[in-house]
Amino acid sequence: MADFNFAGKKAIVRVDFNVPLDENGNVTDDTRIRGALPTLKKVLADGGALIMMSHMGKPKGKVNEKLSLSQIVPNVSAALGVEVKFAKDCGNASEEAAALKPGEALLLENLRFYPEEEGKPVGVEKGTPEFDAAKKEMKGRQQEFAKKLASYADCYVMDAFGTAHRKHASTAVIDEYFDKDHKMLGYLMEKEVHAVDAVLGNIKRPFTAIMGGSKVSTKIGIIENLLTKVDNLILCGGMTYTFAKAQGGHIGLSICEDDKLDVALDVIKKAKENGVNLVLGTDSVCGDAFKNDCNTQVCPSGAIPEGWEGMDAGPETRKLFANAIKGAKTILWNGPAGVFEFDNFAGGSKAIAEAIAEATKEGAFSLIGGGDSVACINKFGLADQVSYISTGGGALLEAIEGKVLPGVAAIEA
């Protein structure tokens, strides 16, 4: 992208503006908008016209005003320093695109208001003959939708790492309508791809990975892949209790995937076989209700009384986590250690964030990814003390799992 001159050209850029909004439609975290700025400003600075396209939420192929990108136009305008125009229908924006002059910017309405973006048939049950026929027909419509988007511009920039793992019209079909010299990765994508490579392709040891969040099921692929790469693997958050129960513990009302107990035992076994130091929580801060100001007590993670649930890593566990992070040269963090949105249950996640910041100061490469981990690091004011913050949750996990990302492959093809 650095070598491309956008002067006199219209560029359509796939950004990830799927930002959180409050109930009044105000942006509560603009990290993703700020992350796209270097790419967007390069187009405008060169004298190009800028067309931005993104999704927001999961409208499932239907118009949903609560998920309209019109709500973020003021934020994007302020960040870009240019008054951003808005096209109310992303699939019929030829006039708005044609009217754009060099140095001007246009934001298209939510791509997912069209089912063609995701390419999933709507209102047909999966596994039926009707679904197969609808899917085939949808594939043709997706191709046409991508062609329409491509027709607005002279070149295409893929800069939405958060959706690079999806084979959607705007991420991995639109590229077919541009030659190799007129499609490229944006600056953010380039940084993301390099950051993943720094973690997986160029590992400096010891390598410590921290996987948090509520479910083992959503992380099992990445956990298994990491067990062949890391020296230390910290598993925290809600999945603590699936592991505790699998080992015969009592977990009260704590979150647990009962159908994944054997998976948890298998992870423990594989860690031993691979010589990986698996760090699981030994104690928890428990609450008697799922709210910030409930009664609390510290319990062993495998001996939580009835009526109580584990909601954060306890003081002993925090020390274990900090020790596994100390001295690491490569660190990957995805997922919090507790219900960090409640201040009284944010201590475990904060201990991890502080230990990562400390290790980074000592020369570690630290990669933080996944919406909740990013929100954590921002909440504790430590974003500028880690090496790299990834904007993509699912895409980052799939890249680390070793999967090819369609959004990257489409540009490199």
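The values are calculated or read from the model by the stated rules, or taken from the named source; none is laboratory data. Worth saying up front: this structure is predicted, and the values here are computed from it rather than measured. Because the Cβ atoms are built from the backbone with ideal geometry, glycine has one as well, and the counts that use them run over all protein chains shown. Ligands, DNA and RNA are excluded from the accessible area calculation, which covers all protein heavy atoms including side chains. Shrake-Rupley method; radii C 1.70, N 1.55, O 1.52, S 1.80 Å.
Looking only at Asp179, Asp22, Asp288, which one moves most when the chain is put into a Gaussian network model with springs between Cα atoms under 10 Å?
Maximum fluctuation in the GNM of the chain, among the listed residues, is at Asp22.
If each residue of separation counts as 0.36 nm, what is the full-extension length gain between Ala413 and Glu125 once their alpha-carbon separation is subtracted?
100.3 nm
Send over the semi-axes of the range 12-95's equivalent ellipsoid, whole angstrom and largest first, taken as the square roots of 5 times the C-alpha gyration tensor eigenvalues. List each step's numbers first, then the result.
On the way: eigenvalues 88, 53, 23 Å².
They are 21, 16, 11 Å, listed from largest to smallest.
Add -39500 (n - 2.57) for each DSSP H run of 4 or more in the chain, then divide by its residues: what number comes out at 222 nm, to the nearest 500 deg cm²/dmol?
Numbers: 15 runs with 151 residues, N = 413.
The helix contribution divided over the chain gives -11000 deg cm²/dmol.
Length gain on complete extension for the stretch Ser387 to Lys139, per 0.36 nm per residue less the alpha carbon to alpha carbon distance? Display every interim value, and only then the final one.
On the way: separation 248, 0.36 × 248 = 89.28 nm, distance 4.02 nm.
85.3 nm is the gain from fully extending Ser387 to Lys139.
Radius of gyration and Dmax for the range 89-194's Cα atoms, expressed in Å?
Radius of gyration, then largest Cα-Cα span, for the range 89-194: 15.3, 50 Å.
Average the reciprocal distances over every distinct pair of alpha-carbons in the range 148-282, invert the result, and give the Kirkwood radius in Å. Don't jump to the answer; show the numbers that get you there.
Numbers: mean 1/r = 0.0565 Å⁻¹.
Taking every pair of different Cα atoms in the range 148-282, averaging 1/r and inverting gives 17.7 Å.
Where is the GNM fluctuation largest for the chain (alpha-carbon springs, 10 angstrom cutoff): Cys376, Cys299, Cys236?
Cys299
For the range 1-85, what is the accessible area per residue in Å² when the probe is 1.4 Å?
Values: 3860 Å² over 85 residues.
Here the per-residue accessible area is 45 Å².
What does the C-alpha gyration tensor say about the overall shape of the range 212-261? Classify as rounded when a/c is under 1.5, otherwise prolate if a/b is larger than b/c, or oblate.
Prolate shape, in that a/c is at least 1.5 and a/b is the bigger ratio.
Using each residue's phi in the range 277-287, evaluate 6.51 cos²θ - 1.76 cosθ + 1.60 at θ = phi - 60° and report the 3J(HN,Hα) Karplus result to the nearest Hz, with x for Gly and Pro.
7, 8, 10, 10, x, 9, 9, 9, 8, 10, x
Provide Rg over Rh for the range 278-413; use the alpha carbon set for both Rg and the Kirkwood Rh (inverse mean inverse pair distance).
On the way: Rg = 16.7 Å, Rh = 16.0 Å.
A ratio of 1.04.
When we measure straight from the Cα of Lys135, which lysines land under 16 angstrom away, once same-chain ones fewer than 8 places off are left out?
Lys60, Lys120, Lys126, Lys167
Would you mind telling me the antiparallel percentage of the DSSP bridges in the chain, rounded to 5?
Values: 10 of 50 bridges.
In the chain, approximately 20 percent of DSSP beta bridges are antiparallel ones.
When a/c reaches 1.5 or more, the comparison of a/b and b/c decides; with that in mind, is the range 249-331 rounded, prolate or oblate per its Cα gyration tensor?
Numbers: a/c = 2.72, a/b = 1.41, b/c = 1.92.
Oblate.
Return the whole-Å distance between the Cα centroid of the range 111-179 and the Cα centroid of the range 379-413.
Comparing the Cα centres of the range 111-179 and the range 379-413, I get a distance of 22 Å.
What's the carbon and sulfur percent of the range 136-221's accessible surface, probe 1.4 angstrom, rounded to a whole number?
Working: 1760 of 3520 Å².
Of the solvent-accessible surface of the range 136-221, carbon and sulfur hold 50 percent.
Could you sort out which of Lys219/Lys269; Lys62/Lys219; Lys101/Lys183; Lys88/Lys183; Lys88/Lys136 sit more than 23 Å apart by Cα distance in this structure?
Numbers: Lys219/Lys269 17 Å; Lys62/Lys219 30 Å; Lys101/Lys183 21 Å; Lys88/Lys183 25 Å; Lys88/Lys136 28 Å.
Beyond 23 Å: Lys62/Lys219; Lys88/Lys183; Lys88/Lys136.
Which number comes out as Rg/Rh for the range 258-306 once both Rg and the Kirkwood Rh are worked out on C-alpha atoms? Write out the running numbers ahead of the final one.
On the way: Rg = 14.7 Å, Rh = 13.1 Å.
A ratio of 1.12.
Could you work out the per residue convex hull volume over the alpha carbons of the chain, in cubic angstrom? Before the final figure, lay out the partial values.
Working: hull volume 63.0 nm³, N = 413.
About 153 Å³ per residue, rounded to a whole number.
I need the Kirkwood Rh of the range 92-135: take the reciprocal of the average 1/r across all distinct C-alpha pairs and report it in angstrom. Show your work: numbers first, answer last.
On the way: mean 1/r = 0.0757 Å⁻¹.
Kirkwood hydrodynamic radius for the range 92-135: 13.2 Å.
With angles folded into 0 to 90 degrees, how steeply does helix 129-151 sit against the dominant principal axis of the chain? Use alpha carbons for both and round to 10.
The angle comes out near 60 degrees.
Run through the DSSP bridge list for the range 239-376 and note the antiparallel percent, rounded to the nearest 5. Write down the numbers at each step before the final one.
Values: 9 of 15 bridges.
Once the DSSP bridges in the range 239-376 are tallied, antiparallel ones form about 60 percent.
Given Cα pairs under 8 Å that are at least 6 residues apart, what percent is the relative contact order of the chain? Let's see the in-between values first.
Values: 887 pairs, mean separation 59.4, N = 413.
Reported relative contact order: 14 percent.
Which of rounded, prolate or oblate describes the range 47-128 when judged by the alpha-carbon gyration tensor and an a/c cut-off of 1.5? Intermediate values should be presented prior to the final figure.
Numbers: a/c = 3.18, a/b = 2.06, b/c = 1.54.
Judged from the Cα gyration tensor, the range 47-128 comes out prolate (a/c at least 1.5, a/b above b/c).
Give the distance, in whole Å, between the Cα centre of the range 190-217 and the Cα centre of the range 30-85.
Taking the Cα centre of the range 30-85 as reference, the centre of the range 190-217 is 28 Å away.
So what does log10 I(q)/I(0) come out to for the range 105-163 at q = 0.17 Å⁻¹, using the Debye formula with one equal point on every Cα and no solvent?
Log-scaled intensity ratios, in q order: -0.68.
If you line up the long axis of helix 261-273 against the longest principal axis of the chain, both from Cα atoms, how many degrees apart are they, to the nearest 10?
80 degrees
Under a GNM of the chain (C-alpha, springs under 10 Å), which listed residue has the highest mean-square fluctuation: Ala98, Ala346, Ala355?
Of the options given, Ala98 has the highest mean-square fluctuation.
Beta carbons within 10 angstrom, averaged per residue: use that to sort the peptides 70-76, 156-162, highest first. Provide the component values of the computation, followed by the final result.
Details: 70-76: 18.1, 156-162: 28.6.
Averaged packing, sorted descending, gives the order 156-162, 70-76.
For helix 187-200, report the angle its Cα long axis makes with the longest principal axis of the Cα atoms of the chain; keep it between 0 and 90° and round to the nearest 10°.
Tilt relative to the chain: about 30 degrees.
Taking the Cα centre as origin and putting +1 on Lys and Arg beta-carbons and -1 on Asp and Glu beta-carbons, what dipole magnitude results for the chain, to the nearest 20 debye? Walk me through the intermediate numbers first.
On the way: 47 positive and 56 negative charges, 135 e Å.
Around 640 debye, computed over the chain.
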